[in-house]
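Notes follow the structure.
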Amino acid sequence: MYTTEKILVIGSSGQIGTELVHTLRQQYGVDNVIASDLKATTQASEGPFEVIDVMNTTVLNDVVKKHKITQVYLLAALLSATAEKMPKFGWDLNMQGLFNILDLAKEKLIQRVYWPSSIAVFGPNTPKQNTPQFTVMEPSTVYGISKQAGERWCEYYFNKYQVDVRSLRYPGLIGWQSAPGGGTTDYAVHIFHEAIKNGSYNCFLSENTTLPMMYMPDAIKATIDIMQVDAAKVKIRSSYNLSGFSFSPTEIANEIRKHIPQFSISYSPDSRQQIADSWPQSINDNEARLHWGWKPNYDLTEMTNDMMLHLKNK
Ligand code: NAD
Ligand code: AKB
């Protein structure tokens, strides 16, 4: 498509960035999508790439001006399990990184910002089933606290400074193209790799821990959709609930057994169990559906079929 957009993806070598950059380049053209991360990876040979630490405002400003960036997708963050090990660093990165980008937009150096939130904004006092958009939010992890504060700041910058910032509360994301980066839902990716490699998996969550999840192609579609829709349709400027499907380790193991009948799973819950227990089991995303037409394409069976197909070929 013809475009006047120049897009910068920060944290592009991670689980989401790897797939997002690929799809954005298909849509906007390779040269209009600048990937960036702390270090150059193989991505650097596939198109424009800049080494950026999101905490370094000088480098950030230089890159934005050099490429005449119009939109930023900010993916750099510490996820739930890693942030619990380094709470102060997690808070600093997740909050200051966001401020640095929101301020670029406030100064009109960029026109639009995407920043992901998470189901981690919810906490133990939130209704667990069909969790609504607006409800009790008392996150008990540093990651969840940073995401909830981030949501408040996004809405504040929109209301006070007309910053066009858009956000989704992703559930746990599952994909075959990239590895997850330190979250509580990572087991749902590891399980596929171990099932294919070893025929067994030792899960760090207990067997009946149900969590909201989504297949990566749906997450990428939602992300690009909300960034492309008319501003008037984005009526929530904190972050939108987004739902795919929910399952427990037992349920996904049963799906995998349809492909690998001898697959076995064991359970050794660790500190991530407590995080998972504080999160919802299913999400109500009516507002996203009503406001900008969100609809997922994959359920658990379809995702498992597609994961198996790609990972076995790999
Ligand atoms: P990830 O950990 O896989 O990737 C993050 C990337 O950011 C890494 O490549 C890392 O090198 C980079 N990074 C870290 N510090 C940086 C810095 N100072 N400057 C520049 N880059 C830096 O994470 P992800 O899974 O791709 O998640 C991206 C975003 O989506 C995060 O905000 C995360 O909270 C959110 N999210 C992810 C999920 C999920 O299931 N993956 C779910 C909910 C929300
Ligand atoms: C994590 O487990 O930390 C992420 C998330 C749901 O935000 N996958």
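The values are calculated or read from the model by the stated rules, or taken from the named source; none is laboratory data. On a predicted model such as this, the values are computed, not experimentally measured, just so you know. Glycine gets a Cβ as well: all are built from the backbone with ideal geometry, and neighbour counts include every protein chain shown. Remember, those area values only see protein heavy atoms, side chains included, never the ligands or the DNA or RNA. Shrake-Rupley method; radii C 1.70, N 1.55, O 1.52, S 1.80 Å.
So is residue 282 within 16 Å of ligand 2 (Cβ to nearest atom), under 17 Å from residue 121 (Cβ atoms) and surrounded by fewer than 20 Cβ atoms within 10 Å (Cβ to Cβ) or not?
Considered against the rule, which asks whether it is within 16 Å of ligand 2 (Cβ to nearest atom), under 17 Å from residue 121 (Cβ atoms) and surrounded by fewer than 20 Cβ atoms within 10 Å (Cβ to Cβ), residue 282 comes out as yes.
Is it fair to say residue 150 is open to solvent by less than 10 Å² (accessible area, probe 1.4 Å), within 15 Å of ligand 2 (Cβ to nearest atom) and either part of a loop (DSSP other than H, G, I, E, B) or without any contact (Cβ under 8 Å) to a residue 12 or more places away in the chain (or both)?
No; evaluated as a whole, the condition is false for this residue.
Could you tell me whether residue 269 is touching a residue at least 60 places away in the same chain (Cβ under 8 Å), part of a loop (DSSP other than H, G, I, E, B), on the phi < 0 side of the Ramachandran plot and surrounded by fewer than 20 Cβ atoms within 10 Å (Cβ to Cβ)? Don't jump to the end; show me each part of the working.
Working: touching a residue at least 60 places away in the same chain (Cβ under 8 Å): yes; part of a loop (DSSP other than H, G, I, E, B): yes; on the phi < 0 side of the Ramachandran plot: yes; surrounded by fewer than 20 Cβ atoms within 10 Å (Cβ to Cβ): yes.
So residue 269 fits the description; yes.
Go through (1) outside the structural domain of residue 60 (by TED's automatic domain parsing); (2) closer than 22 Å to residue 272 by Cα; (3) touching a residue at least 24 places away in the same chain (Cβ under 8 Å) for residue 177 and report which single condition fails.
(2)
Please pick out the residue among 227, 307 that is touching a strand residue (DSSP E or B) at 6+ places or on another chain (Cβ under 9 Å), at pLDDT 95 or above and either in the same structural domain as residue 163 (by TED's automatic domain parsing) or farther than 23 Å from residue 116 by Cβ (or both).
The conditions single out 227.
Run residue 176 past the list (1) within 12 Å of ligand 2 (Cβ to nearest atom); (2) open to solvent by 20 Å² or more (accessible area, probe 1.4 Å); (3) assigned to a loop (DSSP other than H, G, I, E, B) and report the number of the one that doesn't hold.
(1)
With the requirement that a residue be within 16 Å of ligand 1 (Cβ to nearest atom) and open to solvent by less than 10 Å² (accessible area, probe 1.4 Å), what does region 198-208 give you?
Of everything in region 198-208, just one residue is within 16 Å of ligand 1 (Cβ to nearest atom) and open to solvent by less than 10 Å² (accessible area, probe 1.4 Å), namely 205.
Which pairs do you get when a residue that is part of a loop (DSSP other than H, G, I, E, B), found in region 65-82, comes within reach of a residue that is acidic (Asp, Glu), reach meaning Cβ atoms under 7 angstrom, with the pair 6+ apart or on two chains?
Note: pairs meeting the criteria are 70/5.
When the residues of region 108-136 are narrowed to those that are surrounded by 18 or more Cβ atoms within 10 Å (Cβ to Cβ) and assigned to a loop (DSSP other than H, G, I, E, B), which ends up nearest to ligand 2 (Cβ to nearest atom)?
116
Check whether at least one residue in region 23-46 is small (Gly, Ala, Ser), surrounded by fewer than 18 Cβ atoms within 10 Å (Cβ to Cβ) and modelled with pLDDT of 95 or more, and report yes or no.
Within region 23-46, one or more residues are small (Gly, Ala, Ser), surrounded by fewer than 18 Cβ atoms within 10 Å (Cβ to Cβ) and modelled with pLDDT of 95 or more.
Give the residues of region 153-173 that are open to solvent by 10 Å² or more (accessible area, probe 1.4 Å) and hydrophobic (A, V, I, L, M, F, W, C), sorted by residue number.
153, 158, 173 - these are the residues of region 153-173 that are open to solvent by 10 Å² or more (accessible area, probe 1.4 Å) and hydrophobic (A, V, I, L, M, F, W, C).
Listed residues 188, 195, 231; which is away from ligand 1 (no atom under 16 Å from the Cβ), of a type in the set (Gly, Ala, Ser) and surrounded by 15 or more Cβ atoms within 10 Å (Cβ to Cβ)?
Selected residue: 195, the only one of 188, 195, 231 that is away from ligand 1 (no atom under 16 Å from the Cβ), of a type in the set (Gly, Ala, Ser) and surrounded by 15 or more Cβ atoms within 10 Å (Cβ to Cβ).
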